[in-house]
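The values are calculated or read from the model by the stated rules, or taken from the named source; none is laboratory data. Everything numeric here is computed off the predicted structure, so don't read it as measured data. Reconstructed Cβ throughout: ideal geometry from the backbone, glycine too, with neighbour counts over all protein chains shown. The protein model used for the area step is the full one, side chains on, heavy atoms only, and it has no ligands, DNA or RNA in it. Shrake-Rupley method; radii C 1.70, N 1.55, O 1.52, S 1.80 Å.
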Amino acid sequence: MIKNKAQETDREEGKRPAHEQVYQTLRSQILFGELVPGQAVTIQGLTDSLGVGMTPVREAIRRLISDGALMFQGNRRVSVPVLSDGDIEQLIYVRKSIESELARRAAQHMGASEINQVEAIDRALDTAIQAGDVSGYLRYNHAFHATLYAQADAPVLSDLAERLWLRFGPSLRMVCGRFGTQSLPDRHKDIIRALREGTPDDVAQAVAQDVEQGMELMGGVSTKRIPQSSVD
C-alpha cells in the first residue's frame, strides 16, 4: 500500500509541467542553502545541471525573483540575495508577527495525533543536531514549522511565511556552518509543551522567541559577502 502511494506520487510529479518541476527543485536548493547567498549562477549553468530546456529555467527563475528568493544580476546571471542587517531586522519583525499568529491558530485546532506528529519531527531534528547533520537539521527544522503552521487553516498567512523562509533559508545554512548545529537555539520543546497544555498564546510566544533567537544569529554571518564566483 505504501509502495503504491509512492508510485502514485511519482506519477503525479511526472505530470507537473517542466517549469513547475524546475521551480520546485530550485526552490528546495535555495530553501535549504544549497545555493549560497551572493554566489552567481548562470541560466545556462542551471539548464545544464538540471538537464532541462532554457524556457522552464527562465520561467522558474522569474517566479523565484518574484518570491524574493533570487535577484537578477545581468549577463544572464542570478544570485541568492545577501541579507543586510536591515533585512534581518525586517524579517524578524514580519516573521514574529506572521508565524506567531499561525502557531496560535494551529494550537486551537491540534489534537494529540497532530501534536505527536510535530514532536516526532522534533526528535528527528534532535538526532540531526547531535550528528552534526546540517542538511538534516535544515529540513527537519523547516518540516517542524511547516507541519505546525499547516494546522492553522490560514493559507494566506502560510503562503507569506513560506516566502519569508525562502529569503533567510540560505543564510541559516551559513549560520550552521559557522556555529555548528549543536549551538543553534530553538524553542521547540516549549512549543510542544504549550501545545499539550492547550495554551495557544504560550505557543505563539514560544514561536516568536524561536524566530527571534534563530534570526539574531544571522547578524554577523549573512552580511559577510562571499567572493562573487559563478557556476557556469
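Output the number of the condition that Asp87 fails; it satisfies all remaining conditions of (1) farther than 12 Å from Phe168 by Cα; (2) charged (D, E, K, R); (3) in contact (Cβ under 8 Å) with a residue 40 or more places away in the chain.
So the condition that Asp87 fails would be (1).
Tell me which residues, restricted to segment 170-187, are within 26 Å of Ala106 (Cα to Cα) and surrounded by 22 or more Cβ atoms within 10 Å (Cβ to Cβ).
Of the residues in segment 170-187, the ones within 26 Å of Ala106 (Cα to Cα) are 172, 184-187.
Listed by number, the list holds a single entry, Leu172.
Here is a list: Val82, Val52, Val94. Which entry is farther than 29 Å from Asp133 by Cα and not polar (S, T, N, Q)?
On the way: Val82 fails: farther than 29 Å from Asp133 by Cα; Val94 fails: farther than 29 Å from Asp133 by Cα.
The unique qualifying residue is Val52.
Please go through segment 24-42 and pick out each residue that is open to solvent by 20 Å² or more (accessible area, probe 1.4 Å) and outside any loop (DSSP other than H, G, I, E, B).
Passing the criteria: Gln24, Thr25, Arg27, Ser28, Gln29.
From the list Arg163, Arg167, pick out the single residue that is surrounded by fewer than 16 Cβ atoms within 10 Å (Cβ to Cβ) and within 19 Å of Val207 (Cβ to Cβ). It would help to see each step written out before you state the result.
On the way: Arg167 fails: surrounded by fewer than 16 Cβ atoms within 10 Å (Cβ to Cβ).
Testing whether each residue is surrounded by fewer than 16 Cβ atoms within 10 Å (Cβ to Cβ) and within 19 Å of Val207 (Cβ to Cβ) leaves just Arg163.
Considering only residues that are closer than 19 Å to Ile115 by Cα and among the charged types (D, E, K, R), look in segment 195-220 and name the one that is least open to solvent (accessible area, probe 1.4 Å).
Of all residues in segment 195-220, those closer than 19 Å to Ile115 by Cα come to 195-208, 210.
Those left that are additionally among the charged types (D, E, K, R): 196-197, 201-202, 210.
On the way: Arg196: 117, Glu197: 116, Asp201: 109, Asp202: 75, Asp210: 15 Å².
Per the criteria, the residue is Asp210.
Within the bounds of segment 6-16, is there any residue that is modelled with pLDDT of 80 or more and open to solvent by 40 Å² or more (accessible area, probe 1.4 Å)?
Yes, the conditions are met somewhere in segment 6-16.
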